[in-house]
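S.K.: Here it is, the structure, as structure tokens.
The values are calculated or read from the model by the stated rules, or taken from the named source; none is laboratory data. Since this is a predicted model, take the numbers as computed values, not measurements. For neighbour counting, all protein chains shown are included, and Cβ atoms are generated from backbone atoms with ideal geometry for every residue, glycine included.
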Amino acid sequence: MHTIKEELKKISHFLLMLVLLYAVNLGFNMLYDWGGVSVIVRVYIMVLSCYIIYNFSQLDADELREVYRERYGRRGTIYLFIVTRIFPFLFIYLMTVIFTLINYVQNSHWPYEPLVRLLDGRYSNTVIYALILFVVLRLKIRPGISIPVFIAAAFVYFYLDRLLYSIFEPGAGVSVIKATKFAGFYFILMYGYSKRRFKLFQSAFAGAFSGIFTFASLVLALFLVFSFSSPQGKVYSMTAKNLLKYGFYQVYQQFEFSVSEYSKTNDVTDLILFAERGKKEINFSAAKWEEFILDSGMSDADYIFRYLNSEKIILDFSRISQYAVAQSVKNPDNFLKAVHFKEYFSLYYHAKSDDFFLFYENGDSTVKKWIIDILAYTGDYDSISFLVDRLTDIDRKISESAYNSLKEISGLDPAGDGNRDIHDLEVVNIFRDYTAKFKRQ
């Protein structure tokens, strides 16, 4: 403890400044919705972390080892390892924990939601960057080289970390990444500290064991939070999604039930993701799917329609039609970009073709373009003939949409191949000939 006190004395003024920044950050978060102070505190913690790591990296472990052995016997080596290797990173993480609790103080699920975020690795990269700096400083190379090496290593870690998470889908792969990161962290600290002859093997084994133990403890904590949380609450959903992300599908049915029972619209897209990754079924009624869609924005609904289309789940035409009309007014851009919604709605065409053309006649420009885009999925003579007639529409956007749909259906591009305008009679006649051939098939 003496060593820790001495090192903390060196940064006492900086710690006092950190406490003041915490207080200011708390005040701003309670009174205002502005994240500027939070950014300042985050940067300060990062800088202070580097200073802490610098101080502890300068300690002579060999000299202190003898002192600790005399004072504590065989346990002295372990105590020294905790003091010189574990404590600085634990202290840095503690600063991050306090910051996170302050930053989310206005959250309705405080402190449970920020704690779950921390368990999932929120702001943990601060510790990783500190570890990279520690390794670079232990190399004892001059600043002109060590600074670029540190920056380069931090960039490599950042992009490699993102690459790994993009490659491995939610499941066992994510658990392996998490456990490996913990194991690597412990290995680096143990390998640099050990003086034994076979320190590479021993450090690797001890690091792997410690990493797996730490990850298992994290998972156990998530399971405990999940077990004691209310199924109706947000924390329950957060812990369920974290566990599913790590591949623990034991909670899938409970998560699905909570989404359905308490109408958690915001969790539907995540449920679909985990259902597809884990090859699970979603046992919602048609009425429940319709409820979720009507409560969703166009982007989330488009994701839901993709799943419904793949599972061939057909919902009530009138309710989905009403949703389409509402979205065409509320968010026309996303409405027209929702490809999966168009593909799904085209499934109604053969039973409701008259309604499609009625939609077109009574709709505004957005609805007209939407119907034209949908007809590209139908493969029907009447729809193709209808699109050909739209090529000469005075509204340029309508004619362009009709041409794109015809190009999608037929594979022909007479305007592009002949460098003609889409209104050109030769272009129209080529598509009329295609329509006539299509009819005879």
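S.K.: Based on this model, can you work out whether Ile430 counts as farther than 23 Å from Phe357 by Cβ and in a helix (DSSP H, G or I)?
M.R.: Considered against the rule, which asks whether it is farther than 23 Å from Phe357 by Cβ and in a helix (DSSP H, G or I), Ile430 comes out as yes.
S.K.: Testing Met95 on (1) surrounded by 17 or more Cβ atoms within 10 Å (Cβ to Cβ); (2) within 24 Å of Ala216 (Cα to Cα); (3) modelled with pLDDT under 90, one condition comes back false. Which one is that?
M.R.: Only one criterion in (1) surrounded by 17 or more Cβ atoms within 10 Å (Cβ to Cβ); (2) within 24 Å of Ala216 (Cα to Cα); (3) modelled with pLDDT under 90 is unmet by Met95, namely (3).
S.K.: OK, next. Looking at the range 52-61, can you tell me whether even one residue there is at pLDDT 90 or above and under 15 Å from Tyr93 (Cα atoms)?
M.R.: yes
S.K.: Could you tell me whether any residue of the range 127-147 is surrounded by 18 or more Cβ atoms within 10 Å (Cβ to Cβ), within 30 Å of Leu222 (Cβ to Cβ), modelled with pLDDT of 85 or more and not hydrophobic (A, V, I, L, M, F, W, C)?
M.R.: The answer is yes, given that some residue of the range 127-147 is surrounded by 18 or more Cβ atoms within 10 Å (Cβ to Cβ), within 30 Å of Leu222 (Cβ to Cβ), modelled with pLDDT of 85 or more and not hydrophobic (A, V, I, L, M, F, W, C).
S.K.: Determine, yes or no, whether Ser318 is in contact with a helix residue (DSSP H, G or I) (Cβ under 8 Å, 6 or more places away or on another chain), hydroxyl-bearing (Ser, Thr, Tyr) and surrounded by fewer than 16 Cβ atoms within 10 Å (Cβ to Cβ).
M.R.: no
S.K.: Another question, if that's okay. Here is a list of conditions, (1) at pLDDT 85 or above; (2) in a loop (DSSP other than H, G, I, E, B), and Arg420 meets all of them except one; can you say which number that is?
M.R.: (1)
S.K.: Something else now. State yes or no: is Thr392 in contact with a Pro (Cβ under 7 Å, 6 or more places away or on another chain) and surrounded by fewer than 19 Cβ atoms within 10 Å (Cβ to Cβ)?
M.R.: The answer is no for Thr392.
S.K.: Which count do you get for residues in the range 30-43 that are surrounded by 12 or more Cβ atoms within 10 Å (Cβ to Cβ), assigned to a helix (DSSP H, G or I) and out of contact with any Leu (no Cβ under 6 Å at 6 or more places or on another chain)?
M.R.: 4
S.K.: Which is touching a helix residue (DSSP H, G or I) at 6+ places or on another chain (Cβ under 9 Å), without any contact (Cβ under 8 Å) to a residue 60 or more places away in the chain, closer than 30 Å to Ser108 by Cβ and not polar (S, T, N, Q), of Ile78, Ile92?
M.R.: It is Ile92.
S.K.: Please work out which one of (1) of a type in the set (A, V, I, L, M, F, W, C); (2) closer than 24 Å to Glu6 by Cβ; (3) touching a residue at least 40 places away in the same chain (Cβ under 8 Å) is the condition Val67 fails and give its number.
M.R.: So Val67 meets the others, but not (3).
S.K.: To continue, here is another question. With the requirement that a residue be within 22 Å of Ile314 (Cβ to Cβ) and among the aromatic types (Phe, Trp, Tyr), what does the range 361-389 give you?
M.R.: Trp370, Tyr377
S.K.: Quick one: would you say Phe134 is closer than 24 Å to Cys50 by Cα, part of a helix (DSSP H, G or I), of a type in the set (Phe, Trp, Tyr) and more than 24 Å from the chain's Cα centre (by Cα)? Break it down into steps so the answer makes sense when it comes.
M.R.: Values: closer than 24 Å to Cys50 by Cα: yes; part of a helix (DSSP H, G or I): yes; of a type in the set (Phe, Trp, Tyr): yes; more than 24 Å from the chain's Cα centre (by Cα): yes.
Judged against the criteria, Phe134 is a match.
S.K.: Which members of the range 5-51 meet the condition of being of a type in the set (A, V, I, L, M) and touching a Ser or Thr at 6+ places or on another chain (Cβ under 7 Å)?
M.R.: Ile45, Met46
S.K.: Looking for something outside any helix (DSSP H, G or I), loosely packed, with under 12 Cβ neighbours inside 10 Å and free of Cβ contacts under 8 Å to residues at least 12 places away in the same chain - is there at least one such residue anywhere in the range 148-157? Walk me through it before giving the result.
M.R.: Of the residues in the range 148-157, the ones outside any helix (DSSP H, G or I) are none.
Scanning the range 148-157 turns up no residue that is outside any helix (DSSP H, G or I), loosely packed, with under 12 Cβ neighbours inside 10 Å and free of Cβ contacts under 8 Å to residues at least 12 places away in the same chain.
S.K.: Can you pull out the residues in the range 348-363 that are crowded, with 17+ Cβ neighbours inside 10 Å and either in contact with a Leu (Cβ under 9 Å, 6 or more places away or on another chain) or under 20 Å from Ile398 (Cβ atoms) (or both)?
M.R.: First pass over the range 348-363, keeping only residues crowded, with 17+ Cβ neighbours inside 10 Å: 348-349, 356, 359-360.
Once the filter is applied, which keeps residues that are crowded, with 17+ Cβ neighbours inside 10 Å and either in contact with a Leu (Cβ under 9 Å, 6 or more places away or on another chain) or under 20 Å from Ile398 (Cβ atoms) (or both), the range 348-363 yields Tyr349, Phe356, Phe359, Tyr360.
S.K.: Another question about this same structure. Name the one entry in Arg69, Arg85 that is surrounded by fewer than 17 Cβ atoms within 10 Å (Cβ to Cβ), in the same structural domain as Val43 (by TED's automatic domain parsing) and either in contact with a Pro (Cβ under 9 Å, 6 or more places away or on another chain) or not polar (S, T, N, Q) (or both).
M.R.: Arg69
S.K.: Quick check on my filter: what residues within the range 280-299 are in a helix (DSSP H, G or I) and under 15 Å from Arg319 (Cβ atoms)?
M.R.: Ala286, Ala287, Lys288, Trp289, Glu290, Glu291, Phe292, Ile293, Leu294
S.K.: Check Phe255, Phe274 and return the single one that is assigned by TED's automatic domain parsing to the domain that holds Val174, more than 30 Å from Asp382 (Cα to Cα) and touching a residue at least 60 places away in the same chain (Cβ under 8 Å).
M.R.: Result of the check over Phe255, Phe274: Phe274.
Let's see how each residue does on (1) in the same structural domain as Phe150 (by TED's automatic domain parsing); (2) under 25 Å from Met190 (Cβ atoms); (3) not hydrophobic (A, V, I, L, M, F, W, C):
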position: Ile11; (1), (2), (3): yes, no, no
position: Phe14; (1), (2), (3): yes, no, no
position: Val24; (1), (2), (3): yes, no, no
position: Phe28; (1), (2), (3): yes, no, no
position: Gly36; (1), (2), (3): yes, no, yes
position: Val43; (1), (2), (3): yes, no, no
position: Ile53; (1), (2), (3): yes, yes, no
